[in-house]
Each structure stands twice: as C-alpha cells, then as structure tokens.
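J.: Okay, here's the structure, questions in a sec.
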Amino acid sequence: MKVRTVSEAGATEAFVVPVAEGVPVMEEMRAAAAAAGFSGKAGEICDAYVRDRRVVLAGLGGVGDVVRAGAAVAVALARCRHITLDGHGLGEAQVARLTGAIALRSWRMPAVRKHRDKTAPRLWRIDVLTENAAGFEAAWDTEQAVLEGTTLARKLVALPANQLTPQSFVKELRRLRKYGLTLEVLNARTLRKRGYGALLAVGRGSAHPPALAVLRWNGTEGVRPVAFVGKGITFDTGGICVKPADKMWEMRADMAGAAACAGALLTLALRRAPVAAVAVLALAENALDGAAYRPGDVLTTASGRTVEVIDTDAEGRLVLADALHHARTDCDARVMVDLATLTGSIVVTLGHHMAGLFDNDAAFAEHVAEAGRAAGELCWRMPISARQRRDIDSDIADLRNCTSGRYQPDASHAAAFLREFAGDTPWVHLDIAGVESKEEADDVAGAGPTGFGVRLLDRLVAQRFEVRHMSS
C-alpha cells in the first residue's frame, strides 16, 4: 500500500469524506445522504456521483470509530486501485489510523495458485488530502509500522505447512535483520546440550527439527527487555494422540502466536521504539514417527522440572515451558507475555470474539487488557484456581501437561502449567485460539488470518513502558 499526502484532490477513482455522527454532510451530497438514510453512524457508507466524481461518505460514529469506518471504506471501494481521503477536520493521528484501517481491511491472503488473476482490482494507493503534511506523515510512520507488523503476522499464518517449517520460519525472521533486529537461533543440537527437553520432544517425530528463535530489538534505554513468547507449531497433527481429520488442515495456523510476536518486534523496530524487547519463539512441527514422544513419557524441561505427558496433543504448553524459561533466565525479561493458539476450551468459553487472559500479576494483567481495548484486540481475564493447579499434579513427575476426561477446564489447566515456568516475573498468557483467524469477514476484518496480538503488544509497550520512560 502506497500512501502520500496531497494539497488538492487529483483524478482518483473515489473521493472519501469521513463524517462524524450528527455533523452536516457536504451540500452536494445532502440529497444522496438523505435518500440513503446516512447519518454518520460508525461504518455507514453513502456512495454517489457528484459532477462525474465518485464521492463516498464514511460514517465515523459519535466517538470516531475510525477502524470500522476504514473497514467499510475498504469494502465499498474493493474494486478501486487509487483513492483520495479527505483529512480535513480530523486530527493527524485520527486520519493516519483511518488510513491504516483502510489498508488493513484491503489486505488479501497471499495466493499460491500457479494461475491467478493478476488483473483483479486491488487498492494499492491512497492520497491523503491534508493541510498539515508533516503532522500526518509523522503519525503515519507509527501507523504504518503497526500495519507492516500485522501484515507480516498474517502472511506467516497464511503460509501452508509445507512452505513454513521451523527452518523456513527462521529464514523469514532473518529477513527482518535489515530493520535493525538481531536474531539468535538455538538449533536442535544446541537445545540438546542445554537440556530443552520439552521443545525437543514435541519436534522429535518430525523430519523438520525444532528450533528456538530469539529476535531482539535493543531500543535505546539500555534496560531489561519486555519479552514476547510465542508458540510456533508450524503444523500440529496431535502426535500419537492424533487429531480428527476434520479441519486438521487448520493446524497450519498453530504458529499464530509466534507470528504475532515477530510482527510486534518488526513494528517496534520500524517505529524506532526506545524500549528494548525480545521475542522468544518456540518452533516445531508436532508430527509422528517411530521417534515421536508418547503419552506416559516423562520429560525434563529446561528449568529442570519434570513433566508427565498425558496427551501429546497438549504440545503447545510444553514448548512454551522451555521458551518462558529462556525468556526469564537467558533474556532477563522484566515482564513476559506469551501468545498461543493453545486450547479448544477457550473457544468454547469465549467464542471467536476475544482472547483468554491468564496471569500471575493482577496489575500487569490490567495493563495488557487495557492495551487490548485500545488496540481493538479484546481479552477477558480468566481464573487459575488452586484446585486447577492441583489437577495437574503427577505421581511420577513434578507435574502433568494436562488432565484426562471430559468437561475439563483445559485452558485454565494449561495456564496453571505455564505459570510454573514464569516464576516471579510478571507474566500474562494470552490464549488466542479462536481469534487468530476468521472464517468469514465481518464489519472490521476480512476472512483469514487476523494478526491478532501485534497491535495489542505494540500498544502495551507504548502505553505502559514508553510513557514511563518519557516521564522519568
């Protein structure tokens, strides 16, 4: 998407005018607006021609819901390539966010078809009409960084598992070094030497060895980093406890947590955030062969804790156990947020509307939840009770990776398991199963990968850590 500022509207395919609810529309469009019942509510569109020029009124709502307005514009103008957005009357930050919302809703899944229609219209350029070009461009730099990070996460999730193995995921991460990020990769040999037994076990049955990728943004503060920890299961068969065939193809998205963490690091680098951050990504394919780990096995994790395996399809919490330990000890994280498509039970609980949030620190949990509200990526705080922790006690190991039987609170059990590896570091676990992809488009996002987590993590850094840095 190319965005530029202009001082006057040129000959583009449509002229977009944002309108807040209750504000009178431009005189030339009043008849069309009245006929369409347009009142400026969030997401409303009035599309008409004025003297051979296509004019689109976009409702902002009473409080300026620019995300919904931008998505509505992108849908209405899906067959346009080049449009003009009238930024007069709006603040530069609001115009930039509206532009970003249009661009994000215009994103399309990367096609891998050999024969595809290269002539299909696609919005690729937005001219922004503004009297304060410098102000808009400064705001757009930040918004574009978020856009780039989100689209990176979406692209990674969209790639099929035969094209995104742990090794090719690492290749994608290496491309990010040109933005000032550094990358360290612990391969299978190094993982064995360092005793990362949980991550190694999960990846043992695959032809593609596991890896732990550590992506860093050093910032300018010179203090301990904020850590994002991502589950990167590039495909999940369930292992020996194999999944049902129906919809197993969706398990190519089981690395969405790692994708979001990588996208967040890219965003921080592009906007030159002062805060140091690290993404610790546990990459593996949970496949099965004669070497695959089994139910009943006891694994020794990087922390030294032993884990009895009850279900090999509860693999995400195992790889995260080693990744959390690495973030806490090797990276000396001051706080940790892990993201993972971890459990089906969180989808049963929260549907496809919000992520489940678990924590060991109530204050930090509220900061994460507030960042989600500000970014439009909602979370709901969930419990980890003492009884749920006792449920994963083991007779032969320090703990079990899950329980057995029907009607188990598996999302809470998984969080209780992960909390053991967070130690006393402030930690939040986001179970993003159900929100990492959309089966159908809605009034904000299109169908396919959402990139959930990138905007939340970026907003968390900006609100919680950068503000404190600037005021100190």
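J.: Hey, what D do you get for segment 276-335 in µm²/s if you plug the Kirkwood alpha-carbon radius into Stokes-Einstein at 4 °C and 1.567 mPa s?
T.: The Stokes-Einstein estimate is 101 µm²/s.
J.: Roughly what percent of Cα-Cα pairs across the chain reach past 39 Å?
T.: Counting every Cα pair in the chain, those more than 39 Å apart make up 25 percent.
J.: Give the residue from 269, 320, 306 lying farthest towards the positive end of the charge dipole for the chain; charges sit on Cβ (+1 for Lys and Arg, -1 for Asp and Glu) and the dipole is referred to the Cα centre.
T.: The listed residue farthest towards the positive side: 269.
J.: Rank 311, 297, 393 by accessible area, highest first, at a 1.4 Å probe radius?
T.: Output order, biggest surface exposure first: 393, 311, 297.
J.: Can you give the accessible area of residue 452 in Å² (nearest 10), computed on protein heavy atoms with a 1.4 Å probe?
T.: 20
J.: Around residue 351, what is the net charge, scoring Lys/Arg as +1 and Asp/Glu as -1 over all other residues with Cβ under 14 Å from its Cβ?
T.: Value of the local net charge: -4.
J.: Still on this structure: Please arrange 208, 88 by accessible surface area, largest first, computed with a 1.4 Å probe and ligands excluded.
T.: Largest accessible area first, the list is 88, 208.
J.: Quick one: ranking 1, 251 by accessible area, 1.4 Å probe, largest first, what do you get?
T.: Descending order: 1, 251.
J.: In whole angstrom, note down how far apart the Cα centers of segment 137-170 and segment 184-260 are.
T.: Between the Cα centres of segment 137-170 and segment 184-260 lies a distance of 17 Å.
J.: When a/c is below 1.5 the answer is rounded, else prolate if a/b is larger than b/c, else oblate, so apply that to segment 1-109 with a ≥ b ≥ c taken from the square roots of the Cα gyration tensor eigenvalues.
T.: It is rounded, given that a/c, with a ≥ b ≥ c, falls under 1.5.
J.: For the chain, what does -39500 (n - 2.57) per DSSP helix run (n ≥ 4), summed and divided by total residues, give at 222 nm, in deg cm²/dmol to the nearest 500?
T.: Computed ellipticity for the chain at 222 nm equals -10500 deg cm²/dmol.
J.: Which percent of Cα pairs goes in each bin when the distances of segment 350-435 are cut into 10 angstrom slices starting at zero?
T.: 18, 45, 29, 7, 0
J.: If Lys and Arg each add +1 and Asp and Glu each add -1, what is the summed charge of the other residues whose beta carbon sits under 15 Å from the beta carbon of residue 437?
T.: -2
J.: Using the Cβ atoms and a cut-off under 14 Å, what net charge is assigned to the surroundings of residue 183, where Lys and Arg are +1 and Asp and Glu are -1?
T.: In short, +4.
J.: Still on this model: Just to verify a number: what accessible area does residue 137 come out at with the full protein assembly present, 1.4 Å probe, Å² rounded to tens?
T.: Taking all protein chains as shown, residue 137 has close to 90 Å².
J.: Given the whole protein assembly as supplied and a 1.4 Å probe, what does the accessible area of residue 328 come to in Å², nearest 10?
T.: 70
J.: Could you work out the relative contact order of the chain? I mean the mean sequence separation of Cα pairs under 8 Å and 6+ apart, divided by the number of residues, in percent.
T.: About 14 percent, as a whole number.
J.: Treating the beta-carbon of each Lys and Arg as +1 and of each Asp and Glu as -1, no other charges, what is the dipole magnitude of segment 376-472 about its Cα centre, to the nearest 20 debye?
T.: That gives segment 376-472 a dipole magnitude of about 380 debye.
J.: Moving to a separate point now. Which value, in debye to the nearest 20, gives the size of the charge dipole of the chain about its Cα centre, when Lys and Arg are +1 and Asp and Glu are -1 at the Cβ?
T.: Using only the charged Cβ atoms, the result is roughly 1300 debye.
J.: I'd like to know which of 9, 182, 452 lies farthest towards the positive end of the charge dipole of the chain, counting +1 on Cβ of Lys and Arg and -1 on Cβ of Asp and Glu.
T.: Farthest along the dipole direction, towards plus: 182.
J.: Separate question: Sequence gap at least 6, Cα distance under 8 Å: using those rules, report the relative contact order of segment 1-111 to the nearest whole percent.
T.: 29
The values are calculated or read from the model by the stated rules, or taken from the named source; none is laboratory data. What you see is a predicted model; the values in this text were computed from it and never measured. Cβ coordinates were reconstructed from backbone atoms using ideal geometry, including for glycine residues, and neighbour counts include every protein chain displayed. The area values use the complete protein model at the heavy-atom level, side chains included, leaving out ligands, DNA and RNA. Shrake-Rupley method; radii C 1.70, N 1.55, O 1.52, S 1.80 Å.
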